[in-house]
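Asks: Starting off with a structure, shown below.
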Amino acid sequence: KEKAMRDAAPAKAPNVLADAVYFPGDADAKKKALLRHVIVKDLSKVAKQLNHEVPTVGIFANKEGIKAPMAMYAIFDGMAGAGTSGPQSAEHCVKNFHTALLSCITEPHMATAQSVQEALVKSLIGLDMQLLANPEVEDGCGAAIALLVGDYLFIALLGRCSALLCAVDDDGQKSPVAFSGGKGTLQTSLGDRSQKAKKTAVCLPLVHMVVLKGAEKNPWCLLQSFAVQAAISAADFLTIAEGFPLQPRAFCGETVARASEKAAMAGTIPEYSGTMAPCTLLQIHFLPDPAAAEAAAPAAKKPKLSESSASKKPNSQILSMRLRHILVKFHEGPKPPEDPKAPWASRSRTEAEKMLRKAIAEIRDDKKDWTKTPKDLTEMILMSSKKFCELVKRLSDCQTAKKGPPATGELGWLTQEDRAKMGGNFGEVCDILQPGSWSDICASKQGVHLVQRV
């Protein structure tokens with residue numbers, strides 16, 4: 001009976017923070033993008049919606065027999081195949097890979113890491129067969145895929161895409177563990193009909209498996225398009241990441257902008273020689289286990305609760321957070337802006353996020369100039385307030401920017417429900433904030449934000 005209850009209970013989503021940024025470079029905005037990515041935050045939930053029965057034994061269950069969390073992340077690069085660049089193969093793969101994968105990993109014999117590796121290969125070969133069977137698709141694409149099953153990380157690579165895992169040793173030193181599709185006389189890709197007819201290319205995915213050692217030992221993983229891996233070294237990734245802790249959106253945005261510029265200068269992408277090539281980077285941040293972190297943490301004050309929300313949900317403890325923020329609005333799409341004369345009316349999202357990355361850098365540099373170490377959290381927030389208020393006044397498009405210190409940029413106390421109502425990924429990104437910490441760049445109905453919990 002107990003096992004039946006465990007099997008019936010839904011699996012939790014993995015405890016990660018993941019995001020990806022596509023940088024168009026000088027690509028023609030009127031044409032379809034050559035690079036596509038997909039993030040499936042809860043693969044078990046999607047499996048249930050598609051009536052796939054996920055295994056509940058072997059690596060698909062944790063030590064307590066509870067279903068292991070599952071997620072899938074992928075980049076499909078139309079410039080990283082074996083032949084002609086194009087958008088069609090990448091577009092087909094991004095729409096269909098998750099269903100192909102679920103069909104393979106939900107087969108009855110699935111239980112071991114090896115069987116999952118074989119399922120990844122089988123699903124990619126199946127996609128390749130679909131592409132080759134479609135006479136309208138002539139191009140091909142490379143792929144970088146990460147499948148997370150509990151503590152097991154599977155990385156599948158095709159073409160000139162790659163991946164990187166950050167590893168931390170016992171002395172706290174970080175080092176990159178690089179994964180590539182391998183080198184040989186035959187190129188690998190999805191699609192590429194003419195190359196496969198000539199037998200100069202094959203669909204032969206290389207699948208790596210890593211048992212993660214927790215967020216302290218393996219803080220993050222990257223999936224890279226061809227232009228990124230050609231322009232940014234493994235050591236450079238570590239250096240850039242130091243400036244954006246738990247900020248995958250900001251990190252990816254900064255890195256792809258640098259990669260595109262470097263690739264243009266070096267001429268590493270022949271089709272974009274002298275111009276900025278499109279590129280994509282995806283980062284997965286592995287977060288500490290909440291139960292373990294709570295058990296290890298010292299006793300703290302109880303969080304403030306919203307009285308109205310608590311009265312509506314008497315059986316739940318709804319954590320309120322006091323937040324302050326910088327809001328940068330932008331306008332994209334065919335509809336005219338609400339205020340055509342506003343400074344943000346002609347601002348793109350890419351430009352808005354660049355403004356917030358510069359704000360993050362200013363906050364980081366300001367902290368380096370502090371002449372003393374704050375004695376506690378309250379003093380740390382006070383010491384950061386001068387720079388924060390300056391940035392709010394200069395950058396924020398929110399009415400809270402007009403408030404005088406210390407209320408400048410204040411959103412007040414927001415419950416989890418309040419944060420979710422902001423729209424976009426505002427709630428998801430802010431929910432993990434600790435007092436004093438800064439969020440990643442997050443989106444809402446209003447624009448993009450940089451948020452601090454106070």
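Asks: Simple spin-label model, 7 Å along Cα-to-Cβ: V168 to E271 in nm?
Replies: It works out to 3.9 nm between the two label points.
Asks: Grab the Cα-Cα distance for R394 and K31, subtract it from 0.36 nm times how many residues apart they are, and report the gain in nm with one decimal. Could you put the intermediate results ahead of the total?
Replies: Working: separation 363, 0.36 × 363 = 130.68 nm, distance 3.58 nm.
The R394-K31 span can extend by a further 127.1 nm.
Asks: Pop out the ³J(HN,Hα) list for the stretch 158-163 in order, Karplus 6.51 cos²θ - 1.76 cosθ + 1.60 with θ = phi - 60°, rounded to Hz; leave Gly and Pro as x.
Replies: Running phi through 6.51 cos²θ - 1.76 cosθ + 1.60 with θ = phi - 60° gives 9, x, 9, 8, 8, 9 Hz.
Asks: What does the charge add up to near K31, with Lys and Arg as +1, Asp and Glu as -1, over the other residues with Cβ less than 14 Å from its Cβ?
Replies: On the way: positive: K30, K32, R36; negative: D26, D28, E91, D139, E271.
Net charge around K31: -2.
Asks: Give the calculated FRET efficiency between T378 and D431 to the nearest 0.05, with a Förster radius of 22 Å applied to their Cβ-Cβ distance. Each step should come with its number before you reach the end.
Replies: Numbers: r = 22 Å, r/R0 = 1.02.
So the FRET efficiency works out to roughly 0.45.
Asks: Sequence gap at least 6, Cα distance under 8 Å: using those rules, report the relative contact order of the chain to the nearest whole percent.
Replies: Values: 928 pairs, mean separation 66.4, N = 454.
15 percent.
Asks: In the structure displayed, which of K217/K387; K358/K386; K95/K198; K262/K358 lie more than 22 Å apart, Cα to Cα? Walk me through the numbers before you get to the answer.
Replies: Details: K217/K387 33 Å; K358/K386 17 Å; K95/K198 28 Å; K262/K358 19 Å.
K217/K387; K95/K198, as the Cα separations exceed 22 Å there.
Asks: Give the cross-link partners of K67 among the aspartates and glutamates, using a straight C-alpha distance below 17 Å as the criterion and excluding same-chain residues fewer than 8 apart.
Replies: Straight-line reach from K67, under 17 Å: E2, D7, D42, E53, E107, D151, D289.
Asks: Please work out the C-alpha center-to-center distance from the stretch 93-128 to the stretch 374-404 and express it in whole Å.
Replies: 49 Å
Asks: Next question. If contacts are Cα pairs under 8 angstrom and at least 6 residues apart, what is the relative contact order of the stretch 316-425 in percent? Don't skip to the end; give the middle numbers.
Replies: Numbers: 103 pairs, mean separation 45.7, N = 110.
That works out to 42 percent.
Asks: Which whole DSSP H helices in the chain pass both tests: a Cα extent of 20 Å or more along the axis and a mean Kyte-Doolittle value no lower than 0.0? Present the calculation step by step, with values, prior to reporting the outcome.
Replies: Numbers: long enough: 88-105 (25 Å, 0.26); 113-132 (29 Å, 0.70); 248-266 (26 Å, -0.06); 349-368 (29 Å, -1.36); 377-395 (25 Å, 0.39).
Helices passing the filter in the chain: 88-105, 113-132, 377-395.
Asks: Still on this model: Among all stretches of the chain without exposed GluC sites (Glu not before Pro) (DSSP loop, at most 13 other Cβ atoms within 10 Å), which one is longest? It would help to have the intermediate numbers written out before the result.
Replies: Working: sites that count: E53, E64, E136, E216, E332, E338.
That gives 339-454 as the longest site-free run.
Asks: Compute the accessible area per residue over the stretch 70-148, keeping the other protein chains in place, probe 1.4 Å, unit Å². Before the final figure, lay out the partial values.
Replies: Details: 2540 Å² over 79 residues.
Heavy-atom accessible area per residue stands at 32 Å².
Asks: For K199, give me every one of the aspartates and glutamates with a C-alpha distance below 19 angstrom, ignoring sequence neighbours fewer than eight places off in its own chain.
Replies: Cross-link targets: D128, E138, D139.
Asks: If amide H atoms are built 1.01 Å from N in the plane of the peptide, which residues on other chains or at least 5 residues away come under 5 Å of the amide H of S189?
Replies: Residues meeting the criterion, in which the H sits 1.01 Å from N, are G159, V202, C203, L204.
Asks: Which ³J(HN,Hα) values in Hz, rounded to whole numbers, follow from the phi angles of the stretch 11-24 under the Karplus curve 6.51 cos²θ - 1.76 cosθ + 1.60, where θ = phi - 60° and Gly and Pro get x?
Replies: Whole-Hz 3J(HN,Hα) from phi for the stretch 11-24: 6, 7, 6, x, 8, 9, 10, 10, 7, 9, 10, 9, 10, x.
Asks: Continuing with this model, one more query. Which entry in (i) 1.24; (ii) 1.03; (iii) 1.43 is this structure's computed Cα Rg over 2.2 N^0.38 Å?
Replies: (ii)
Asks: Over 24 Å between Cα atoms: which of K403/K445; K375/K421; K329/K393; K32/K421 fall into that group? Walk me through the numbers before you get to the answer.
Replies: Details: K403/K445 22 Å; K375/K421 35 Å; K329/K393 14 Å; K32/K421 32 Å.
Going by Cα-Cα distance, K375/K421; K32/K421 fall outside the 24 Å limit.
The values are calculated or read from the model by the stated rules, or taken from the named source; none is laboratory data. This structure is a prediction, so every number in the text was calculated from the model and none was measured. Cβ atoms come from the backbone with ideal geometry, glycine included; neighbour counts cover every protein chain shown. In case anyone asks, the SASA skips ligands and DNA or RNA and just uses the protein heavy atoms, side chains included. Shrake-Rupley method; radii C 1.70, N 1.55, O 1.52, S 1.80 Å.
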